[in-house]
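Okay, structure first, notes after.
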Amino acid sequence: MHGKGFLILMLCFVALGAAAQDSTKTSLVYLEHSQTLSFDEQRLPDAQILRGDVRFRHDSVIMYCDSAYFFEKENSLHAFGHVHMVQGDTLEGFGDVLFYNGNTKLARLRRHVRLIHQKTTLTTDSLNYDRKKNIAYYFSGGMIEDSLNTLTSRWGQYTPDNHQAIFRDEVKLVNPKFVLTADTLGYNTETYRSDIVGPTTILYDEETTILSTNGWYNTQTELSMLLDRSRIIHVDGITLTGDTIYYDKANGYGRSLGNIESTDSTNHMTLYGNVSEVWEDGGRGYVTDSAMLLDWSDSTAFTYMHADTLWTEEISYPIFTLKMRDSLLVDSVMVAQNPDTIWRDTTYQQLRAFWHVRVFRNDIQAVCDSARYHGRDSLLTLFGMPICWNEDNQMSADQIDIYFKNETVDYMHGVGNALAVKREGFSEFNQLAGKEMLAYVKDGDVYLVDVKGNAETIFYPREDDGSYVGVNRTQSSFVKMYMQNRQIDHVVFTTATTGVMIPIDQALPEETKLSGFFWAEAERPLRPADIFLYPPRTERPSAVAISASADDEEEEELPAITSGNKRRNNQMRNNR
């Protein structure tokens with residue numbers, strides 16, 4: 001039994017060995033046709049010299065040529081003249097010379113080489129085609145063309161099974177809409193998708209440039225996924241950089257994630273954040289998650305703005321011209337032309353910020369719930385409990401408009417419950433309040449505060465030695481307070497002004513604060529990094545409206561209160 005079992009086992013090993021040999025056995029190259037056959041043992045030992053309509057077959061490949069050397073023992077051949085290889089019904093190769101080894105199944109085509117696979121044509125001067133792996137590659141320059149693109153490179157590889165190509169060195173893809181250049185590129189001739197695996201530039205002539213080192217780009221649909229800090233540069237000066245960018249070029253849509261940086265070189269602004277979407281139609285887009293706007297139009301005072309979400313869009317508006325009739329203006333009024341002839345001005349950018357808005361500039365800081373910036377008017381409007389600071393001045397209102405001129409702050413306009421506060425000492429605050437307030441700025445400092453409607457003031461005049469004279473309270477239709485060297489220089493009231501001077505030691509706490517007074521220094525961003533802080537909002541007391549004389553009352557100028565006009569101050573107190 002043991003001997004019989006051993007014999008059966010040995011037979012199994014022999015059978016397996018035979019099967020293994022059969023699986024690795026190479027097929028023979030067969031000569032199917034030739035007009036002449038000769039030998040030259042001295043010059044070409046073991047070679048059959050074939051001429052005229054030569055045809056070989058190896059497996060599923062048919063090879064045609066004008067003449068050939070057939071090395072039957074080596075299972076190889078050298079073919080010359082009008083070489084034509086046909087593999088199945090999908091792959092054809094052409095060239096002047098072919099070196100083919102039936103054992104390795106390697107075909108080397110030389111001179112005027114073309115490899116055609118369905119709708120794809122590969123052209124080169126030297127091509128190797130490995131039939132075992134079904135891979136064709138060139139190494140001295142070549143070109144692949146399909147129905148959409150033309151690709152050239154110094155080295156290239158093409159796999160017919162999956163339509164996948166790889167290109168290296170001086171890669172160039174030419175599309176009717178753009179040109180792509182790269183050091184290394186993957187490409188699929190069936191899906192038209194380019195795989196970006198090295199420094200790559202996609203250039204839409206006079207429109208858009210895409211720079212990337214990693215990702216993919218579908219050259220047919222113009223969809224792309226760009227990774228590793230890719231950039232999209234538009235001819236209008238807008239550049240987008242992000243860790244990940246999904247870009248639909250055909251529909252003008254982009255979505256970005258991670259360390260986003262969008263720069264508008266025309267308007268000198270840069271948006272930062274971690275999530276953004278852009279619609280090129282209308283120049284619309286938003287950025288959120290650590291969103292920040294950097295306005296660098298003023299090199300002396302950059303503007304930093306943070307909000308939960310920053311939204312930008314282009315605004316276009318029609319400019320109407322005077323319509324002429326018989327060389328005369330029609331009734332000397334502006335008349336709109338036919339809509340299709342209206343001339344439109346260049347668009348301007350509008351920025352909107354939502355929730356937890358914080359702004360820092362060297363000359364001004366601000367906080368509010370939401371904001372809007374109009375590029376055409378250089379106007380920043382703050383909504384929702386807005387507060388502005390300039391040096392040691394605080395201004396608040398229901399709404400604040402900040403106007404810029406030559407990229408610097410020109411004036412601020414507060415509407416509704418307007419309040420200006422300037423800290424004088426530890427607990428002493430100069431205060432102005434009214435329905436409407438304008439604060440004018442020059443060289444970064446407030447030089448005039450103009451309060452209109454139910455104007456109230458509290459300020460602390462000083463003696464020549466700097467000591468306080470008292471607490472001066474006034475009520476008027478309007479007040480103009482002029483500043484010099486950041487101190488009150490003189491004040492202009494209406495003639496119907498009423499007021500009182502209270503000695504410091506007699507002033508009650510409630511007499512030193514206007515009804516709407518609050519001090520929000522804890523909310524103020526003191527440096528650019530502070531815009532990302534979230535201090536609690538300061539509670540605002542409800543201001544009590546104060547009746548005042550008509551706004552057209554006669555003006556009266558009062559100098560800043562000093563020891564030289566104590567008599568008048570006492571008279572104001574007696575009128576209380």
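Here, each number is a calculation from the coordinates, and none is a lab measurement. Just so it is clear, the structure is predicted and the values come from calculations on it, not from any experiment. Neighbour counts are summed over all protein chains in view; Cβ atoms, including those assigned to glycine, are modelled from backbone coordinates with ideal geometry.
On alpha carbon coordinates alone, what is the Rg over Rh value for the stretch 207-249, Rh being the Kirkwood radius? Let's see the in-between values first.
Values: Rg = 9.7 Å, Rh = 10.3 Å.
Radius of gyration over Kirkwood radius for the stretch 207-249 works out to 0.94.
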Give me P(r) over the stretch 163-229, computed from all C-alpha to C-alpha distances, binned every 10 Å, as integer percentages. 22, 62, 16, 0
A correct Karplus calculation of ³J(HN,Hα) over the stretch 109-115, with 6.51 cos²θ - 1.76 cosθ + 1.60, θ = phi - 60°, whole Hz and x for Gly and Pro, returns 9, 9, 6, 6, 8, 9, 10
What is the calculated FRET efficiency for R372 to E170, with r their C-beta to C-beta distance and R₀ = 51 Å, to the nearest 0.05? 0.55
Quote the convex hull volume per residue of the stretch 59-124, based on C-alpha atoms, as a whole number of Å³. 75
When the convex hull of the C-alpha atoms of the stretch 468-542 is computed, what volume per residue in Å³ does it have? 162
³J(HN,Hα), Karplus 6.51/-1.76/1.60, whole Hz, each residue of the stretch 42-59, x for Gly, Pro: 6, 8, 9, x, 6, 10, 8, 9, 10, 9, x, 6, 6, 9, 10, 9, 9, 6
So what's the convex hull volume per residue for the Cα atoms of the stretch 139-189, in Å³? 61
Bins of 10 Å from zero: percent of alpha-carbon pairs in the stretch 74-162: 18, 54, 26, 2, 0
What's the long-distance tail for the stretch 243-282, i.e. % of Cα pairs beyond 11 Å? 65
The stretch 120-147 to the stretch 99-114: how many Å between their Cα centroids? 11
Karplus couplings for the stretch 123-134 from phi (6.51 cos²θ - 1.76 cosθ + 1.60, θ = phi - 60°), rounded to Hz, Gly and Pro as x? 10, 6, 9, 9, 9, 10, 10, 8, 6, 5, 8, 6
D for the stretch 119-261, whole µm²/s, Stokes-Einstein with Kirkwood Rh over alpha-carbon pairs at 4 °C and 1.567 mPa s: what number? 84
With just the Cα atoms defining each centre, how far is the stretch 374-392 from the stretch 219-254? Give it in Å. 33
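What ranking, highest mean first, results for peptides 408-414, 91-97 when packing means the other Cβ atoms within 10 Å averaged over each residue?
Result, highest mean Cβ count within 10 Å first: 408-414, 91-97.
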